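A short worksheet on the structure shown next.
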Protein chains: 2
Amino acid sequence: MATIKDVAKLASVSVGTVSRFLNGYTIKEENQTRIEQAIQTLDFKFNPIARGLRTNKTYSVGVLIPRISDIFCTQVIEGIEEVLEPLNYSILICSSNDKLELQREKINFLQNKCVDGIIAMPVTSAEFNVDKVTGNGTPVVLIDRLVKDCELDAVVADNVNGAYLAVEMIINKGHQKIGIIAGPQEIYTAQERLMGYLRALNDYHIEVNEDYIIHTQYKKDGGIDAFHQLISLPDRPTAIFTTNYPITVNTMRLMLEKGLQIGQDVSLCGYDQTELFQMLNPPISVVVQPSKEIGIQAAEILLKRIGGDFSRFPQIQRLKTSLIATDSVKTLF
Amino acid sequence: MATIKDVAKLASVSVGTVSRFLNGYTIKEENQTRIEQAIQTLDFKFNPIARGLRTNKTYSVGVLIPRISDIFCTQVIEGIEEVLEPLNYSILICSSNDKLELQREKINFLQNKCVDGIIAMPVTSAEFNVDKVTGNGTPVVLIDRLVKDCELDAVVADNVNGAYLAVEMIINKGHQKIGIIAGPQEIYTAQERLMGYLRALNDYHIEVNEDYIIHTQYKKDGGIDAFHQLISLPDRPTAIFTTNYPITVNTMRLMLEKGLQIGQDVSLCGYDQTELFQMLNPPISVVVQPSKEIGIQAAEILLKRIGGDFSRFPQIQRLKTSLIATDSVKTLF
């Protein structure tokens, strides 16, 4: 029975070219003609090799993120590109728009586009369609968020200690009434940041006031209702810790609109860095994530897996955050 | 001779499922078994239908941008998603990293991944591999940048009049010595913005001073050398017009570092809007592009073309910019 190698030999093209042709890719017309003739001459049948073809490398990697407009995501992607572009990998980026259903669809979609591997930021910590992923054999590296009972390589930031350092700094400047605008309870990073907040309060013997903990969505307009709730409290917090970029920006805007001076009337420590935060007056205190480094390390692990090296699986990298402390948190004594 | 329809009938699956299987996609195992049996029974050969398969829709659209970290690009993509997501199109995003060679590769890559259409922001105005694009029959809509001698649908911002309005505002506040940090001469938007600057000076009878026109790259560190050059001139400009987002941010940072107060020591008008620009003191004057609207209209034209409607081809949409005028440009009288 004729094999793909026989076809390639008779057509005087590489096995890769035949494989590309059979997979529906466009190839040079003269090669196509030669391959078609070879297939007829040899009575070559597609079916027996269908499975084998799928093991071929495509030199493309899929990246699934919740939202393309998120600066954290774009910084992670820059890191991924830094590793994969020089190796001539193509990167396919898809967005799940924070929807589980779309996440499922997009993972299927990426696999159908025959990527060699996937780097994915899961929508929630409750679900990631692992079975399909591992069943298909496409290596997957999670970023930013771990998923419960999900044995996969992952590169995340140390959110617990990132939040801890921020709240500790606020406490050390004399604040006791510290509000937090936390993310959704089902999202891993949000759980971790809240835990860091609670641990810091606990370690400094500050009683937790449930009124000071408000959950919001990780969306573009996240934190708006939460801020209004915090600021309307009879005994309102003297400092607010905002736990992602949109929440931080929205809180800043609302404070300006209400004529509240950041660092004077209410102190603020945010999350995620942009150059512009440090140009404001006062500059804004923030927890800085190693976003680009997360992308770099995720790409490196994925390459290892694509190359068939499954040592240390599942490998969880937890990268340290840093803290920029400024006058946006007032010193109270 | 057996056709794909015969295979589908015998296997009791849809023609689409057979087509997906033949193209190397993963399908349900039981369907795969049935299709494989049907192919053997009917002695069905792949070759005769290879061409026909390629005309099938994949409900995916490729988006090619120069750089994923560019806020203009991510805003455009949000517009594209707004149109295509509800129609269940998957969007594949690729970056050309501002390199012509990568642009060529990525266009090929997207076509090989069998997208129904492509929305592309070309790297330069000098080249876009049109022949391959139209030859393959994949509809392409250009965004942001037109390409010389390239007959394709396009949605761009009116950069000439955007820049004109900015420079006119600066002139009307009493400035005569106006510097511009312009983009690369081979990029369409940069050419247009420079033309707007020149037209405004001409209409207000202000002589062009070549020393005040400095070109820079549209890169992350764009404008740094250019700013130093402008600010070191013996007769330095009283106002600087920075013509994209990174140039604007870098200029602001350098002014702060040098202790130059924006709007007092040197006036500044930038390009591209972020919420944070308006939170600075003073807020920054900027030309605002209809980024999201560009994405929306490009997606709508592409859908029309995918649907086979080629009326008004090539369709060029030129969308208006707006201007935010603030105290970052000082009134001199």
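Things worth noting here:
- Ascending list, in nanometres, of distances separating the residue A:221 label from those of the other copies (7 Å, Cα toward Cβ): 4.1
- In summary, the convex hull built on the alpha carbon positions of the stretch B:94-204 has an orientation-averaged projected area of 7.7 nm².
- Neighbouring Cβ atoms from other chains, within 10 Å of the Cβ of residues in B:159-168, number 0 on average.
- Relative packing of A:86-95, A:156-165, which averages over residues the other C-beta atoms within 10 Å, highest first: A:156-165, A:86-95
- DSSP-defined antiparallel bridges as percent of all bridges, chain A, nearest 5: 10 percent
- Rel. contact order, % - alpha carbon contacts under 8 angstrom, at least six apart, the stretch B:159-289: 25 percent
- Cα-based shape type of the stretch B:159-289, given that a ≥ b ≥ c are square roots of the gyration tensor eigenvalues and the cut on a/c is 1.5: rounded
- Distance between the stretch A:258-304 and the stretch B:216-267 - C-alpha centres, whole angstrom: 24 Å
- Close amide-amide hydrogen proximity is noted between residue B:317 and B:154, B:155, B:156, each under 5 Å apart and 5 or more residues distant or on a separate chain (H modeled in the peptide plane; Pro and chain starts excluded).
- Computed from the alpha carbon atoms alone, the convex hull of the stretch A:4-46 holds 55 Å³ per residue.
- Based on C-alpha pairs under 8 angstrom that are at least 6 apart in sequence, chain A has a relative contact order of 18 percent.
- Inter-chain Cβ neighbour average for residues A:108-118, partner chain, 10 Å: 4
- Packing, as the average of other Cβ atoms within 10 Å across residues, places the peptides B:76-83, A:116-123 in the order A:116-123, B:76-83, highest first.
- With both residues required to sit in the protein assembly as shown, DSSP beta bridges show an antiparallel share near 10%.
- Distant alpha-carbon pairs in the protein assembly as shown (separation over 46 angstrom), percent: 26 percent
- Sequence-distant residues sharing a close amide H with residue A:323 (under 5 Å, placed H): A:288
- Charge dipole (debye, nearest 20) of the stretch A:192-290; +1 at Cβ of Lys and Arg, -1 at Cβ of Asp and Glu: 220 debye
- Amide H to amide H, with H built 1.01 Å from N, residue A:90 comes under 5 Å of A:60, A:61, counting only residues 5 or more places away or on other chains.
- Summarised as an ellipsoid, the stretch B:238-282 has semi-axes of 15, 12, 10 Å, derived from the eigenvalues of the Cα gyration tensor scaled by 5 and square-rooted, with the largest first.
- Solvent-free Debye scattering, log10 I(q)/I(0), computed from the Cα coordinates of chain A at q = 0.08 Å⁻¹: -0.48
- Distances in nm from residue A:27 to the matching label points in the other copies, shortest first (labels 7 Å along Cα to Cβ): 2.3
- Placing unit charges on the Cβ atoms only, positive for Lys and Arg and negative for Asp and Glu, gives chain A a dipole magnitude near 820 debye about its Cα centre.
- Fully extending the segment from residue B:14 to residue B:43, taken as 0.36 nm per residue of separation minus the present Cα-Cα distance, adds 8.6 nm.
- Put in line by how crowded their Cβ is, counting other Cβ atoms within 10 Å and starting with the fewest, A:241, A:277 read A:277, A:241.
- Within 10 Å of each Cβ in B:69-80, the average number of Cβ atoms from other chains: 3
No lab work stands behind these numbers, since they all come straight from the coordinates. For clarity, every value in this text was computed on a predicted model and none was experimentally measured. Heads up, the Cβs are rebuilt from the backbone with ideal geometry, glycines too, and the neighbour counts pull from every protein chain shown.
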